[in-house]
Amino acid sequence: MLIVHVHIQVKPESVEAFKQATSANARESIKEPGIARFDFAQQQDDPTRFVLVEAYRTAEAPAAHKETKHYQTWRDAVAPMMAEPRSSVKFANLFPDDQNW
């Protein structure tokens, strides 16, 4: 299992539009067979900062996700909303093991 944390900061005037676009992407993403979990969180002390926590079942699943229409729609819609380029950190899952997902 691969877990990716995507860190995003958006322009203050784009917060609501970003939340709508990202919620729509998350709803579709969790339907993908390669995605075990897709969380979308907003930082409490800075509402312009968000994190996506994406749990992929296989090493190939992230590439498949990026080929979906909903991801591409999201990517293009939110690009002008970004206050800075998004960044990501990849993790290997240790617990629970893959069999519990």
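We did not get these values from a lab; they are worked out from the coordinates using the rules stated. Remember, it's a predicted structure, so these values are computed and weren't measured experimentally. Glycine gets a Cβ as well: all are built from the backbone with ideal geometry, and neighbour counts include every protein chain shown.
Relative to the dominant Cα principal axis of the chain, helix 15-29 is inclined by about 20°.
Taking the Cβ of Ala17 as the center, what net charge do the other residues with Cβ under 14 Å away carry, scoring Lys and Arg +1 and Asp and Glu -1? Result for the local shell: -1. The count of lysine pairs in the stretch 2-93 with alpha-carbon distances below 20 Å, taking only pairs 8 or more places apart or on different chains, stands at 7. Start at zero, step by 10 Å, and the Cα-Cα distances of the stretch 1-89 spread as 17, 54, 26, 3 percent across the bins.
Principal-axis analysis of the Cα atoms of the chain puts helix 69-78 at an angle of about 30° to the longest axis. Available extension along the chain between Ser23 and Asp46 is 6.4 nm, counting 0.36 nm per residue and deducting the alpha carbon span. Residues whose amide H lies under 5 Å from that of Ser88, counting only those 5 or more places away or on a different chain, are His7; hydrogens are built 1.01 Å from N in the peptide plane. Using the beta-carbon distance between Ile30 and Ala79 and R0 = 25 Å, what value does 1/(1 + (r/R0)^6) give for FRET efficiency, to the nearest 0.05? Efficiency at R0 = 25 Å is approximately 0.65. At full extension, Arg37 and Tyr71 could sit 10.7 nm farther apart than now, given 0.36 nm per residue minus the alpha carbon distance.
Taking the Cα centre of the chain as reference, the dipole from Cβ charges on Lys and Arg (+1) and Asp and Glu (-1) amounts to some 160 debye.
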